[in-house]
Amino acid sequence: MAATSNGLNIGDRRLVWLSVFALGIGAVVTQLALLREMLSVFDGNEMVLGVLLGNWLLLSGAGAWLGRAARAPKQPLRLLPPAQLLIAVLPLLQVVALRTLRDVVFIRGAMINAGETVLASLVVLAPFCIVSGFMLTLACSILTRRDEDDDPVARVLPDKTPYREEVLEIGRVYVADSLGSILGGLLFSFGLVWVLDHFGALCVPAALNLALAAVMAWRWQARKLAFVALALLAALAFSWRMDAWTTQLHHEPAQVLFRANSPYGRLVVTESARQFNFIQNGVPLFSTHNTEQVEETVHYAMAQRPEARRVLLIGGGVTGTAREALQYDTVEQVTYVELDPLIVTAARQFLPKSLDDPRIRVVNTDGRLFVRQTEERFDVAIVDVPEPSTMQLNRFYTAEFYAELKRILRDGGVVSFALGRYENFVSAELARLLGSAQQTLRQSFRHTLLLPGGRVFVLASDGELTADVAARIAARGVPVRLMSRNYLDAMLTPDRLAALQQGINQKTTVNEDFSPALYYYHLRYWLSRDPRGTGLLIGLLLTAVLVCPFLLRGGAFVVFSGGFAASALEVILLFGFQILCGSLYHQAGIVVTVFMAGLASGAWLANRPKKLSRRLSLSVLAAALGLFAVLLPPALAQLSAMSFDAVRAAVPALTFGLAMLVGMEFPVAGQLERSEPTTTAAVLYTADFAGAALGALLASTVLVPLLGVAATCWLTGGLNLAAAGLIWLRRKHR
């Protein structure tokens, strides 16, 4: 077969490209599956997700840096098949480790703190991430390697702009990896997650990578390795019971009755002592026989308007709250809005009586989207969602959401939700949470009331509110099991009510969509559980923020800044999309896919020599990215006034534009580097991964909660404008 200038024949080159493409598929599917698994082990908030994504990217960058060693071997092609084999096998082993070792390393049932999350996730993610990063640099080394008698002098374009042909291969590897990531994201989000468990989903890219490893090993005379790859490929056919076995081990001594994936998470139903437990992404949603939670959720709100006819219930209906609301004989309909249809499916199987009344209407959609779009009117709205420990959940506790709720309430309608627990003492954390919630409600409602039951229930209305819940329940003759007069007299004493209100009478921040104060307060509480772990995390962040800019020079610093902007601004765009359009999984999947398509398109465009002949300036790209970040907050403000369909089109368009700018920077930066191609690839990939890691971690966990969306965008823009200025000065003084 014909050989290229670096001695590789066309067939070998195609295998290398296919290897990078398959790596992109496997990396995305693995990332999505492993992150869902790890959220089941660690506390599932944005801080944890930021830590996991940050560690993923940092370790991938470390692998890319270690890839510089690929310069040394005389036959680097031989390193590719074993690396491809590891890419296939490691994710399956990591899932087994996560499910079987969690209760071995940590105390069963104990919450894992910040320091433990950082260290444990580093250990778990390291094998796959380091190998995947190493493979990217290895592929660049193989494709850019030249024979000793080749002329290394750079070519010159018609406008006398120099470029090196072999360095273009680095940009092509970036494009191939991005294309694989696009296909992997589409495959997982719109196919695998619907029909397969996590093991089954991971077996698909594993089969592709094992088959490719076998072909490459056979072609490049590594016959033993080829037989190993084929044997492992055959073994995948016998792994179909692994998911059931490891899930049961993870939840022992309870009996696993149901397990399935939906686009919104992994749902497991267990039985222990005749009690059903619904667990999603490792977080207990509810357990049966929890009379206190069901009755308090319903009756504190319904007792305010016992003559209510139409009730809105956002979340929690399968626990029995939907049926409990029907104890009031005037209720004509309970509209139960549940995002994940899998929860309803499992409830109908194991709790058939919870939803079997014809007056219960189930609507499978995002609760906030339903409130925004419906023209119905309700007497009572009960928001029964978990506390605002994530930005996704924080959307149900903001001033904007309460204004939307008020629009669909009849005159004097009531809003109710639970937040925190009061045990005769108002801690600083609880005071901040409840104070912010009360101040936020007062933006839309004249009256608020806090009731210290098993949880603290917060009610708001423009009509009157009363703490004499027992009298209202008795007057309507509503049958209750727990909330008797004796129970309520003990819980809602005047001194408890006064102490609770007095404890939160302090100046707090209003919780808003793009300034999530309640999430920030929850984050502080989570970090306060382990000061040493928090110190470790903050130390690592400060070290990375301060050291990276000094270690990275020229084009690498621009790539670092671009990677930071890519992660930080994508988080903000996804966050804004959730707020403006609701948590539409497929739409969010489209946004992520459009981002990957933009990266690939930008890299492909900038990697074409005739485009470089137009003097595509790295400083101009960095400045454009900085300007994009600065203008994003007013753009989001304009989107909030646009129609639903317009927002669904505009957010992907903005995402594509952002990704194109980021994707164009990588190959252009490669042309500016004057070091050996393998070193260039290692430096640029490391800079890209490091910047993206910090962007993902800081934006979602510190900057947006603490400073808000606008300030986060301005800081990101400032970083990229500074990078543009440094590149411009460097070029001017040459």
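Residues checked against (1) in contact (Cβ under 8 Å) with a residue 40 or more places away in the chain; (2) surrounded by fewer than 18 Cβ atoms within 10 Å (Cβ to Cβ); (3) in a loop (DSSP other than H, G, I, E, B):
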| position | (1), (2), (3) |
| --- | --- |
| L339 | yes, no, yes |
| I343 | yes, no, no |
| A346 | yes, no, no |
| T365 | yes, yes, yes |
| R368 | yes, no, no |
| V371 | yes, no, no |
| P386 | yes, yes, yes |
| S389 | yes, no, yes |
| N394 | yes, no, no |
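Only residues that are of a type in the set (S, T, N, Q) and assigned to a helix (DSSP H, G or I) were counted in the stretch 407-453, giving 4. Filtering V215, V195 for residues that are at pLDDT 90 or above, of a type outside the set (D, E, K, R) and either under 17 Å from L90 (Cβ atoms) or surrounded by fewer than 20 Cβ atoms within 10 Å (Cβ to Cβ) (or both) leaves a single hit, V215. Remark: Y300 falls outside the filter, which requires a residue to be surrounded by 22 or more Cβ atoms within 10 Å (Cβ to Cβ), part of a loop (DSSP other than H, G, I, E, B) and among the aromatic types (F, W, Y). All of A669, A635, A646 fail the test of being assigned by TED's automatic domain parsing to the domain that holds I727 and surrounded by 24 or more Cβ atoms within 10 Å (Cβ to Cβ), apart from A669.
Of the residues in the stretch 330-338, at least one is out of contact with any Pro (no Cβ under 8 Å at 6 or more places or on another chain) and among the polar types (S, T, N, Q). Restricting attention to the stretch 62-82, does a residue exist that is at pLDDT 80 or above and basic (K, R)? The answer is yes, given that some residue of the stretch 62-82 is at pLDDT 80 or above and basic (K, R). With respect to the conditions (1) exposed (fewer than 14 other Cβ atoms within 10 Å of the Cβ); (2) closer than 22 Å to G320 by Cα; (3) modelled with pLDDT of 85 or more, F227 falls short on a single one, namely (2).
Within the stretch 448-461, at least one residue is touching an Asp or Glu at 6+ places or on another chain (Cβ under 8 Å) and among the aromatic types (F, W, Y).
Per the conditions (1) in contact with a strand residue (DSSP E or B) (Cβ under 9 Å, 6 or more places away or on another chain); (2) over 22 Å from R309 (Cα atoms), the sole criterion not satisfied by A460 is (2).
How many of the residues making up the stretch 285-314 are farther than 15 Å from G463 by Cβ and hydrophobic (A, V, I, L, M, F, W, C)? Looking only at that region, the number is 8.
With V683, V704 as the choices, which residue is within 20 Å of the chain's Cα centre (by Cα), of a type in the set (A, V, I, L, M), part of a helix (DSSP H, G or I) and surrounded by 24 or more Cβ atoms within 10 Å (Cβ to Cβ)? After ruling out the rest, the residue left standing is V704. Considering only residues in the stretch 616-661 that are touching an Asp or Glu at 6+ places or on another chain (Cβ under 9 Å) and part of a helix (DSSP H, G or I), the one that is nearest to M596 (Cα to Cα) turns out to be A659. Within the stretch 15-32, restricting attention to residues that are of a type outside the set (V, I, T) and farther than 13 Å from L86 by Cα, the residue that is surrounded by the most Cβ atoms within 10 Å (Cβ to Cβ) is G24.
Does V651 satisfy the condition of being assigned by TED's automatic domain parsing to the domain that holds V20, over 19 Å from L57 (Cα atoms) and out of contact with any strand residue (DSSP E or B) (no Cβ under 7 Å at 6 or more places or on another chain)?
yes
Condition (residue is crowded, with 20+ Cβ neighbours inside 10 Å and touching a Leu at 6+ places or on another chain (Cβ under 6 Å)) applied to the stretch 175-183: is it met by at least one residue? Yes.
Does L313 qualify as being part of a helix (DSSP H, G or I), in the same structural domain as D489 (by TED's automatic domain parsing) and on the phi < 0 side of the Ramachandran plot? Show your work before the answer.
Values: part of a helix (DSSP H, G or I): no; in the same structural domain as D489 (by TED's automatic domain parsing): yes; on the phi < 0 side of the Ramachandran plot: yes.
No.
Please go through the stretch 540-593 and pick out each residue that is over 21 Å from L59 (Cα atoms) and modelled with pLDDT of 85 or more. Answer for the stretch 540-593, where residues must be over 21 Å from L59 (Cα atoms) and modelled with pLDDT of 85 or more: L569, I572, L573. Does L430 satisfy the criteria of being modelled with pLDDT of 90 or more and not acidic (D, E)? No, not satisfied. Across the stretch 447-469, the number of residues qualifying as touching a helix residue (DSSP H, G or I) at 6+ places or on another chain (Cβ under 8 Å) and among the polar types (S, T, N, Q) comes to 2. Taking the criterion of being among the charged types (D, E, K, R) and in contact (Cβ under 8 Å) with a residue 40 or more places away in the chain, the only residue of the stretch 629-655 that qualifies is R648.
Condition first: on the phi < 0 side of the Ramachandran plot, among the basic types (K, R) and at pLDDT below 80. Can you find one or more residues in the stretch 515-529 that meet it? Scanning the stretch 515-529, I find at least one residue that is on the phi < 0 side of the Ramachandran plot, among the basic types (K, R) and at pLDDT below 80, so the answer is yes.
The values are calculated or read from the model by the stated rules, or taken from the named source; none is laboratory data. Source: prediction; values computed, not measured. Here the Cβ is made from the backbone with ideal geometry for all residues, glycine too, and neighbour counts use every protein chain on show.
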